[in-house]
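Please read the structure below before turning to the comments.
The values are calculated or read from the model by the stated rules, or taken from the named source; none is laboratory data. Quick caveat, the model's predicted, so the values are computed rather than measured. Using ideal geometry, Cβ is built from the backbone for each residue, glycine included, and neighbour counts are taken over all protein chains shown.
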Amino acid sequence: MHKIHMNNKKNPKQKPPGNRYDRSEWAGAFGDLGTLIPFIVGYISIIKLDPLGVLFTFGILLIGSGLYYKTPIPVQPMKAIGGAAIAGGAAITSGMIFGAGIFTGLFWLILGLTGKLNSISKIASKPVLRGIMLGLGLIFIIEGTKMMQTDFLIAVIGLALTFFLLTNKRIPAMFVLIIFGIAAGLIRNPELIKELANVHFDFRLPQYSLGQITYSDFFKGILILGIPQIPLTLGNAVIAITQENNRLFPEHPVTENKIAITQGIMNLFSPIFGGIPVCHGAGGMAGHVRFGARTGGSLIILGGILLIVGLCFSSSFLLLLSIFPASVLGVVLFFAGLELAVSARDVGSDKGDYYVLLITAGFSIWNIGIGFVAGLIMQEMLKRKIFKV
């Protein structure tokens, strides 16, 4: 992994760098597609959410995050909520999704405003925090390899192209991967060319969606979807993203409370126009950075594209996505996982630190919240010399 902003000493009179929109930012803008697209497709095709609402709110939130933070602090679908909703199928209503979003928004906004999260994060040592990153990285690598199995030949070519161009500043790897993915999709399924003729301009404005929430939906959304998401968000989208942002971009530091507040605001806004619960997942930053992003410009670029597609082509959205092979999305996810996992290399040389790291990572593959707690327990056991390794 190449080094990013390694000089932590700043001239107090020097203004921190702002957003850029060069080709590296354009390439990095698409670095989180491996997680973004599968969840959005699931929400639209299985839960039957209006593509306009999902894309419009996602676009607005990405632009807002890029303008506010000025680093690639991402906006991602909340994975526990998204996974449970998509797995639940017809039993999950749009009102439950929106209710879960409102609950999530209020929860993190209140927690951030009370200022408690900074204290919570100080309890965890570096091995615990790096263990979360390693565990999340391994999750991405495993899921990426599963997606690559859908067309192994295409995946191998995509992997080779990406490795070859990964540090090439003139030809961003993501651009080549996108072009290759589209070409491979059309070659594998020539009928898609005829189907793409059905893509048409269809301008619409988003509709107010809170009227779809019943009291039953609201409380079911909290119990079934919202509450199980909390530990995952704490570990990945509050503590891990804060550590990762401050490690990579010390000139734009953030705090856990600040992240929680913007996460709360996002989730209170999203349901108004039919959007889904979202978070600042650390995996998203790894994906954006791995493919070239260094500022919030990458988020603004992606947000602008989603906004235009949502407002003008929402009825053709799933058709547009059909040309991009899942195996190539798996390659994107795989490299995002590598970027996350490699951040654990600076944990130190102490054997006890490695135990804490690996225990945290191992349990995080199962559940990041449980991994965080397991790492803390192991950390305290070793610190108090209850047992030795």
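Just name the residue that is surrounded by the most Cβ atoms within 10 Å (Cβ to Cβ) out of those in the range 239-254 that are polar (S, T, N, Q) and in contact (Cβ under 8 Å) with a residue 24 or more places away in the chain.
THR242
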Matching residues, the range 336-370, being among the basic types (Lys, Arg) and more than 26 Å from MET148 (Cβ to Cβ): LYS351
3 or more residues within 17 Å of the chain's Cα centre (by Cα) and not aromatic (Phe, Trp, Tyr): qualifying helices (runs of 4 or more DSSP H) within the range 291-389: 297-313, 326-341
Residue match in the range 344-359 (condition: free of Cβ contacts under 8 Å to residues at least 12 places away in the same chain and polar (S, T, N, Q)): yes
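One line per residue, one yes/no per condition, for (1) closer than 19 Å to PRO17 by Cα; (2) touching a helix residue (DSSP H, G or I) at 6+ places or on another chain (Cβ under 7 Å); (3) modelled with pLDDT under 95:
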{"site": "LEU223", "(1), (2), (3)": "no, no, yes"}
{"site": "PRO228", "(1), (2), (3)": "no, yes, yes"}
{"site": "ASN236", "(1), (2), (3)": "no, yes, yes"}
{"site": "ILE239", "(1), (2), (3)": "no, yes, yes"}
{"site": "GLU244", "(1), (2), (3)": "yes, yes, yes"}
{"site": "VAL254", "(1), (2), (3)": "yes, yes, no"}
The range 263-289 residues that are at positive phi, paired with ones that are part of a loop (DSSP other than H, G, I, E, B) (beta carbon under 6 Å, 6 or more apart): GLY274/ASP50; GLY274/SER209
Cross-chain or 6+ apart pairs with Cβ under 7 Å, the range 180-205 first and modelled with pLDDT of 90 or more, then of a type in the set (S, T, N, Q) and surrounded by fewer than 10 Cβ atoms within 10 Å (Cβ to Cβ): none
In the range 64-80, the residues that are among the β-branched types (Val, Ile, Thr) and touching a Leu at 6+ places or on another chain (Cβ under 7 Å): VAL75
Hits in the range 28-60 - residues which are out of contact with any Leu (no Cβ under 9 Å at 6 or more places or on another chain) and surrounded by fewer than 24 Cβ atoms within 10 Å (Cβ to Cβ): PHE39, GLY42, ILE46, ILE47, LYS48, LEU49, ASP50
So ILE60, is it within 18 Å of GLU244 (Cβ to Cβ) and either touching a helix residue (DSSP H, G or I) at 6+ places or on another chain (Cβ under 7 Å) or not aromatic (Phe, Trp, Tyr) (or both): no
So LEU129, is it closer than 22 Å to ARG345 by Cα, hydrophobic (A, V, I, L, M, F, W, C) and in a helix (DSSP H, G or I): yes
